[in-house]
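The values are calculated or read from the model by the stated rules, or taken from the named source; none is laboratory data. None of the values given here were measured: they were computed from a predicted structure. Glycine also receives a Cβ, built like all others from the backbone with ideal geometry; neighbour counts cover every protein chain displayed. To get the accessible areas, we keep the full protein, side chains included, count just its heavy atoms, and leave off ligands, DNA and RNA. Shrake-Rupley method; radii C 1.70, N 1.55, O 1.52, S 1.80 Å.
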Amino acid sequence: MVKEIEKTGIPVAHLCTIVPISKTVGANRIIPTIAIPYPLGNPSLTEKEEKDLRRGIVENAIKALETEITEQTVFQ
Amino acid sequence: MSKYKIVHYINQFYAGIGGEDMANYEPEKREGFVGPGQAFQGNLKDEAEITATIICGDSYYNENMEEAKNKILSMVKEENPDLFIAGPAFNAGRYGMACGDIASSVEKELGIKSITGMYIENPGVDSYKKNIYIIETKNSAAGMRKAVKSMSKFGLKLLNNEEILSPSEEGYIKRGLRKNIFVEKRGSERAVDMLIKKLKKEEFTTEFPMPKFDRVPPSPAIKDMSKAKIAIVTSGGIVPINNPDHIEASSASKYGKYDISRFKDLTCEDHETAHGGYDPSYANEDADRVIPIDVLRDMEKSNRIGKLHNYFYTTTGNGTAVANAKAFAAEIAQELISDGVDAVILTST
């Protein structure tokens, strides 16, 4: 899905937990997330901590979309 | 002659421990065969014996790859088998990644022959086919009997040091290796034969299929994020409560497009997940954990981004055919372009 969208010229940030899969399928801007059932959260945190965590990941994704790249890049 | 020793690797589901709720199960070693190991033992007859089975949850393996691998490697080392069999994983993505990774590691680090079995579209295939023999299977456990039969047969061949023939003869997935062979006709003659067949529009088989590089060059970055329109797409199956379009829990035949213009924050009252491939309790409790609407709304307000697109697109990514996913995304992409979307955040579970 990432590639079909990226093909049209729209940059895609792929947020996923299993980075090797994302690399294999060919995403270009890869943003690692927390866990499979809650990529952008962590139920053991307080609501505020959890939202801060999520904000950090989304901010990383936004930065990735602002960054020119020439090859597959994992944004840690 | 003493029997060959085999160690078998399976996930929590095939061990009968549980489904997605138990996907974080840590590696455990049991004596003898478990689950599909019984069928393997039937096929291996008196030639080999499954002396131990290692069980690990799919999420545990994929989220803690190094740790899981090291734990399992030491378990395999204790048994010191002649052959290591993982799976078969069919079209289960995380299981396939785990099988491919552990089988590759056992072979590479312990020098023990290893095989696994998968459906051709499993992401584990492309990641690990270079390292190990992956027997091609059907896409679901309905193909278990056949998979076990061909994996057992192939495993015994490896154990007996028999010559391994080409992928199509043995039923394993092409590894991209080249092997020198002697043939009757020399190259120039074979090439001319092929050319003649091609001119006659007859079928011919190339001896050197070109590799398919299925890659897309990165799109240019967004210059001014404060004016950019961002859309969310997910394979995590987030849908409005009660899944109005009945998107399938696995092997999805469709995607959904839903209006989020009135939402600042998703809650268990309004959104849930339709995905059947991971424990849904966390996403059902708060769907922002899969599609971060709350944070993107804040960013829209603070003008970090220009606008969050009024719709999000969703499907369930487990067991979904690559051809379907491609078709969904091609349609979605066209809509995104006509709606003036500048960039996409795509989340996967």
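Using only alpha-carbon positions, what ratio does the radius of gyration of segment B:191-349 give when scaled by 2.2 N^0.38 Å?
1.38
What distance in nm separates the two pseudo spin-label positions at residue B:334 and residue A:68, each 7 Å out from Cα along the beta-carbon direction?
3.2 nm
Can you give the helix-only mean residue ellipticity at 222 nm for chain A, where every DSSP H stretch with n ≥ 4 adds -39500 (n - 2.57) and the sum goes over all residues, rounded to the nearest 500 deg cm²/dmol?
The per-residue figure over chain A is -12500 deg cm²/dmol.
Extending each Cα 7 Å along its Cβ direction at residue B:182 and residue A:59, get the distance between those two points in nm, one decimal.
6.9 nm
Starting from the eigenvalues of the Cα gyration tensor, five times each then square-rooted, give me the equivalent ellipsoid semi-axes of chain B, largest first, whole Å.
Values for chain B, descending: 42, 30, 17 Å.
Can you give the extra length, in nm with one decimal, that the chain gains between residue B:66 and residue B:149 once fully stretched, where that is 0.36 nm per residue apart less the Cα-Cα distance?
Net length gain for the segment: 26.8 nm.
Can you pull the three principal axis extents for the Cα set of the protein assembly as shown, in Å, largest first?
Result for the protein assembly as shown: principal-axis Cα extents of 74, 60, 36 Å.
Determine which aspartates and glutamates satisfy two conditions relative to residue A:7: a Cα distance under 20 Å, and not lying fewer than 8 residues away in the same chain.
A:66, A:68, A:71, B:214, B:331, B:335, B:339, B:342
Under 9 Å from the Cβ of residue A:72, count the other residues' Cβ atoms, weight Lys and Arg +1, Asp and Glu -1, and hand me the total.
+2
Which value at 222 nm does chain B reach when only helices count, each DSSP H run of 4 or more adding -39,500 (n - 2.57), with the total divided by all residues and rounded to the nearest 500 deg cm²/dmol?
It comes out at -10000 deg cm²/dmol, rounded to the nearest 500.
What is segment B:98-209 by shape, rounded, prolate or oblate, if you read a ≥ b ≥ c off the alpha carbon gyration tensor as root eigenvalues and call it rounded for a/c under 1.5, prolate for a/b larger than b/c, and oblate otherwise?
Prolate shape, in that a/c is at least 1.5 and a/b is the bigger ratio.
Evaluate Rg over Rh across segment B:1-81, taking Cα atoms for both radii and Kirkwood's formula for Rh.
1.01
Accessible area per residue, 1.4 Å probe, Å², for chain A: what's the number?
40 Å²
Can you figure out the FRET efficiency of residue A:7 with residue B:110, using R₀ = 30 Å and their beta-carbon distance, to the nearest 0.05?
The formula returns an efficiency of 0.10 here.
Helix B:187-199: angle to the longest alpha-carbon principal axis of chain B, degrees 0 to 90, nearest 10?
That works out to roughly 50 degrees.
What's the long-distance tail for chain A, i.e. % of Cα pairs beyond 17 Å?
I get 45 percent for the Cα pairs in chain A exceeding 17 Å.
Evaluate the relative contact order of chain A (contact order divided by residue number), counting alpha-carbon pairs under 8 angstrom at least 6 apart; express in whole percent.
The value is 32 percent.
Can you tell me the relative contact order of segment B:1-132? Whole percent, Cα pairs under 8 Å, sequence separation 6 or more.
With pairs under 8 Å counted, the relative contact order is 26 percent.
Once you have all Cα-Cα distances for segment B:251-305, histogram them in 5 Å bins from zero and send the whole-percent values.
Pair shares across the bins are 4, 18, 24, 22, 18, 9, 4, 1.
Pairs B:77/B:130; B:138/B:254; A:23/B:5; B:71/B:149; A:3/B:129: which exceed 25 Å Cα-Cα?
Beyond 25 Å: A:23/B:5; B:71/B:149.
Quote to one decimal, in nm, the extra length available between residue B:258 and residue B:216 on full extension: 0.36 nm per residue of separation minus the C-alpha distance between them.
12.4 nm
Using only the alpha carbon atoms of segment B:269-349, find the Kirkwood hydrodynamic radius as the inverse mean reciprocal pair distance, in angstroms to one decimal.
Kirkwood hydrodynamic radius for segment B:269-349: 14.4 Å.
List residues of segment B:6-43, by number, whose backbone nitrogen lies under 20 Å from a label position 7 Å along Cα→C-beta of residue B:285.
Under 20 Å, as judged by backbone N against the label point of residue B:285, lie B:19-26 of segment B:6-43.
Rounded to the nearest 0.05, what FRET efficiency do residue B:200 and residue B:174 give with R0 = 25 Å and r taken as the Cβ-Cβ distance? Could you check?
0.35
Please state, as a whole number in µm²/s, the translational diffusion coefficient that the Stokes-Einstein equation yields for segment B:108-167 at 25 °C and 0.890 mPa s, with Rh defined as the Kirkwood radius across alpha carbon pairs.
198 µm²/s
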